[in-house]
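**Student:** Before I ask anything, let me first share the structure, which is written out below as structure tokens.
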Amino acid sequence: MAQHPKGVWTLPPVLRLGEQDKDKYLAIGESDRMTLKFVKPENSSFSDFKKQNK
């Protein structure tokens with residue numbers, strides 16, 4: 001993290017540092033990290049899932 005003080009958010013398209021070292025981070029390019037967020041539906045249970053997927 002020493003090279004990217006705000007982590008992947010330092011890189012484009014976010015550029016968390018704004019104009020500070022912008023050219024440097026644009027030259028590096030976008031991060032290839034991706035985060036998946038799974039959210040369990042509120043009114044669902046595993047038994048409902050099993051019934052739907054028989």
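**Student:** Could you check the stretch 10-44 and list, in sequence order, the residues that are surrounded by 10 or more Cβ atoms within 10 Å (Cβ to Cβ) and at pLDDT below 85? Talk me through it step by step, then tell me what you get.
**Tutor:** In the first step, residues of the stretch 10-44 are kept if they are surrounded by 10 or more Cβ atoms within 10 Å (Cβ to Cβ); the result is 10-12, 14-17, 20-22, 24-26, 28, 30-31, 44.
Those that are surrounded by 10 or more Cβ atoms within 10 Å (Cβ to Cβ) and at pLDDT below 85: GLU30, SER31, SER44.
**Student:** Quick test of your reading of the structure: PRO5 fulfils all but one of (1) modelled with pLDDT of 85 or more; (2) surrounded by 12 or more Cβ atoms within 10 Å (Cβ to Cβ); (3) over 16 Å from the mean Cα position of the chain (by Cα). Name the failing condition by number.
**Tutor:** Here PRO5 clears every test but (1).
**Student:** Here's another thing I want to ask about it. Within the stretch 9-24, can you find the residues that are farther than 23 Å from THR35 by Cα and either outside any loop (DSSP other than H, G, I, E, B) or among the charged types (D, E, K, R) (or both)?
**Tutor:** Step one: filter the stretch 9-24 for residues farther than 23 Å from THR35 by Cα, giving 19-24.
Correct list: GLU19, ASP21, LYS22, ASP23, LYS24.
**Student:** Consider only pairs whose beta carbons are under 9 Å apart and that are at least six residues apart or on different chains; among these, list those whose first residue lies in the stretch 28-42 and is at positive phi and whose second residue is surrounded by 10 or more Cβ atoms within 10 Å (Cβ to Cβ) and not polar (S, T, N, Q).
**Tutor:** Between residues of the stretch 28-42 that are at positive phi and residues that are surrounded by 10 or more Cβ atoms within 10 Å (Cβ to Cβ) and not polar (S, T, N, Q), the close pairs are GLY29/LEU11; GLY29/PRO12.
The values are calculated or read from the model by the stated rules, or taken from the named source; none is laboratory data. For clarity, every value in this text was computed on a predicted model and none was experimentally measured. Ideal geometry is used to build each Cβ from the backbone, glycine not excepted, and the neighbour counts take in all protein chains shown.
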